[in-house]
1. Sort the following peptides by mean Cβ neighbour count (other Cβ atoms within 10 Å, averaged over residues), highest first: 11-20, 253-262.
2. Can you sort C104, C301 by how many other beta carbons sit within 10 Å, fewest first?
3. Highest first, please rank the peptides 71-78, 28-35 by the mean number of other Cβ atoms sitting within 10 Å of their residues.
4. Angle check, please: helix 394-412 long axis (alpha carbons) against the longest principal axis of the chain (alpha carbons), in degrees 0 to 90, nearest 10.
5. Farthest toward the dipole's positive end in the chain, which of I368, S276, T316, given Cβ charges of +1 (Lys, Arg) and -1 (Asp, Glu) about the Cα centre?
6. Restricting things to Cα coordinates, could you compute the convex hull volume per residue of the chain in Å³?
7. Can you say what percent of the DSSP beta bridges in the chain, counting only those with both residues inside, are antiparallel? Round to 5.
8. Can you compute the equivalent ellipsoid semi-axes for segment 223-347, i.e. the square root of 5 times each eigenvalue of the Cα gyration tensor, sorted largest first and rounded to whole Å?
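Readers should treat all values here as calculations from the given coordinates under stated rules, not as data from a laboratory. In this text the structure is predicted, and so the values were computed from the model without any measurement. Please note: Cβ atoms are built from the backbone with ideal geometry, for glycine as well, and neighbour counts cover all protein chains shown.
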Amino acid sequence: MASLITQTDIGIIGAGPQALTLVTHLLQKKKQWRSRFIVIDPQGEWLSQWRQQFKALEIPHLRSPAVHHPDPYPYALRSFAENRPDELFDPYDLPGTKLFEDFCAEVVKNWGLENSIYQAKVVKIVPIKGKFQLFLSDNNIITTSRVVLATNQGETQIPPWVNKIETKYPQDRLAYARQINLANLKLKGERILIIGGGLTSGHLAVGGINRGAKITLMTRRNLQVKLFDADPGWLGPKYLKGFEAESNWNHRWEMIQQARNGGSITPKILGELRRSNNIEFWENCEVREAKWEENRWRVICTNDLEKDFDRIWLATGTKFNAQENPLLTEVLQTYPTEIIQGLPVIDKYLRLPKSEFYLMGALAGLQIGPVARNLAGGRKASEMIVQGMTKHSYNLARQVKSDNARIDSLQLGII
Ligand SMILES: Cc1cc2nc3c(=O)[nH]c(=O)nc-3n(C[C@H](O)[C@H](O)[C@H](O)COP(=O)(O)OP(=O)(O)OC[C@H]3O[C@@H](n4cnc5c(N)ncnc54)[C@H](O)[C@@H]3O)c2cc1C
């Protein structure tokens, strides 16, 4: 774990795969910058949230192929897997969960990053004289010249009927996907309503069935079946060329929505679910009303179906909105930024306008495109941020300007 430094050049907030990707790319370009950044995360270790999510949902392998990972060398994971071919899954060599985690641990070791994380939560960011003060949960303050926000913090999308539930109910009987840890649950004989058409619903359904539950999977439209959450054409010029040429930010936002097109489930998981007798699919359907009565949910749906359930699980996705992110409140006041449906209009180095404040993940969507929140988006974002930091930094410009002023002054004999 890193020890506290109160002043540094780069503060990276979050230690997930996106931040790890950034750091390896930065070191690849500027080995000597190792002492110029600090990573801050409440867990104090790399990828803890990622690992926890995969474990809680018992996900056997990634959805993305083996070329997507935090190391700058695209084939590094394949080379690492050379003696573990059984852990690359069809189609397109999807890395097994354990393989990916072992690989990331190797990346951390190879790049000497074991001690780069300071364990704390950033609770507030205050811009001050072109720098940033990061206020930490342990009451310390770190002042940095540049910040990268890689916290992946979004708002859980809450269906409107949830806030209209009038009856009191036990909290664990209505849970959001990120609150669920399958390993802690005994579900034999229970009836579970899972809401949402993304892969998370699929993993929850498999986990429920494996524990002897009867599942109803409800989706607003027909289940969408796709290998990846966005077409691989979004990883290269096929679609990105048109996206980058689009100067209307609203159109860009629409392109992202169309490409992601809500949640989707993989053919493999759907096949697994369809083979079970313990699942029914309620498509083109929404909850109209839910009541907790006589120790169970009574659910009435828009298609007038009524059914009783023991639990409701919501896998209804996450919305990202810069204006609702508390870490951005003061930053956006100092650096006014156009916001399109929650996404900030950032420059091509992923900075808020005229600032050294960089964004990664979904909030960088208007520059990165539909894969911004995925591993592939992390790589693209890292390349752009590193370019910004090493070549186009306002701080560098400021430094050069002040150096020039100093030279002028020296020549004039002022200092
Ligand atoms: C179940 C699941 C499976 C997925 N599978 C894939 C896949 O196969 N392929 C793919 O490309 N994408 C996948 N994704 C998308 C996935 O979200 C991203 O790939 C990845 O986790 C995003 O990395 P990240 O670093 O942005 O976020 P995270 O992994 O969420 O890391 C963010 C970090 O920020 C820290 N943090 C948050 N707030 C603060 C704060 N205030 N101060 C300090 N630190 C903070 C958190 O503790 C966390 O460690 C999956 C997502 C989920 C939920």
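1. 11-20, 253-262
2. Result, fewest neighbours first: C301, C104.
3. 71-78, 28-35
4. 10
5. I368
6. Hull volume normalised by residue count: 166 Å³.
7. About 45 percent, rounded to the nearest 5.
8. 37, 24, 12
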